[in-house]
1. Take chain A, connect every pair of alpha-carbon atoms lying under 10 Å apart with a spring to form a Gaussian network, then pick out the residue of A:Glu44, A:Glu103, A:Glu52 with the largest mean-square fluctuation.
2. Points 7 angstrom from Cα along the Cβ direction at A:Asp63 and B:Ser26: gap in nanometres?
3. If the convex hull of the alpha-carbon atoms of the protein assembly as shown is projected onto planes in all directions, what is the mean projected area in square nanometres?
4. Can you work out the PRE-style zone for A:Ser27? Point 7 Å along Cα to Cβ, and I want the residues of region A:72-114 with backbone N under 11 Å.
5. Can you count the Lys pairs in the protein assembly as shown with C-alpha separation below 24 Å, eight or more apart or on different chains?
6. Between A:Arg81 and B:Tyr69, with labels modelled 7 Å along Cα→Cβ, what's the label distance in nm to one decimal, could you check?
7. What percent do you get for the relative contact order of chain B when only Cα pairs under 8 Å and 6+ apart count?
8. Across the Cα atoms of region A:5-110, what radius of gyration and what greatest pairwise Cα-Cα distance (Dmax) are found, in Å?
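Please treat every number below as a calculation from the coordinates, not as lab data. Bear in mind the structure is a predicted one, so any value in this text is a computation, not a measurement. Every residue, glycine among them, receives a Cβ derived from its backbone with ideal geometry; neighbour counts consider all protein chains shown.
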Amino acid sequence: GAGVSQSPRYKVAKRGQDVALRCDPISGHVSLFWYQQALGQGPEFLTYFQNEAQLDKSGLPSDRFFAERPEGSVSTLKIQRTQQEDSAVYLCASSLGIRGGDEQYFGPGTRLTVT
Amino acid sequence: GIQVEQSPPDLILQEGANSTLRCNFSDSVNNLQWFHQNPWGQLINLFYIPSGTKQNGRLSATTVATERYSLLYISSSQTTDSGVYFCAVEGPGDMRFGAGTRLTVKP
């Protein structure tokens, strides 16, 4: 079985551009998470989906960040009007059950560089 | 939110040596995972261990939930063990990661 996949793996954006990052979770996984990892630090939580419902978006750093999972499988993280401080690796994870009850599996990440 | 502290921050070993990595957390947790982040950035699941002891080959882990710590043991280390090891805990809210232990194994 395939693991979590993310695309693109690398993205360079000019400041002010909009970007969209895609996550394909493990098939059948109910929960999907997005994290942001700055250089030299551990990942930090951004948002959580249970199926198609976004139940927690407390970690999104600003209203420029938006995530969706319309059919309860693939998810997209969108960043509008990118800024240099948005440069980071964006990680997606999925788990079989609901939040807190199961192991999370991570994708390879998308490295975003804003110039 | 829950605070997670990992020690040591950096560790350099000679191939074949053993090591112990520690993770302290500040509150009760429902979930604790250990990950290895390889040089390409992939987070690889090592253990899902909210309590008790598990072993997988040269690696083992123990979590003492009542005392709020977990230990990761690496025996007979190999150069491929190099990378950053993260402890992550999940309480009633989101999953929180420690700052990691950067392990370098020299041949």
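1. Ranking A:Glu44, A:Glu103, A:Glu52 by mean-square fluctuation puts A:Glu103 first.
2. Here the answer is 3.0 nm between the modelled labels.
3. With every direction weighted equally, the projected area is 12.0 nm².
4. In region A:72-114, the label zone of A:Ser27 (backbone N under 11 Å from the point 7 Å along Cα→Cβ) covers no residue.
5. 4
6. 4.8
7. Reported as a whole number, the value is 38 percent.
8. For region A:5-110, the Cα-based Rg and Dmax read 12.9, 40 Å.
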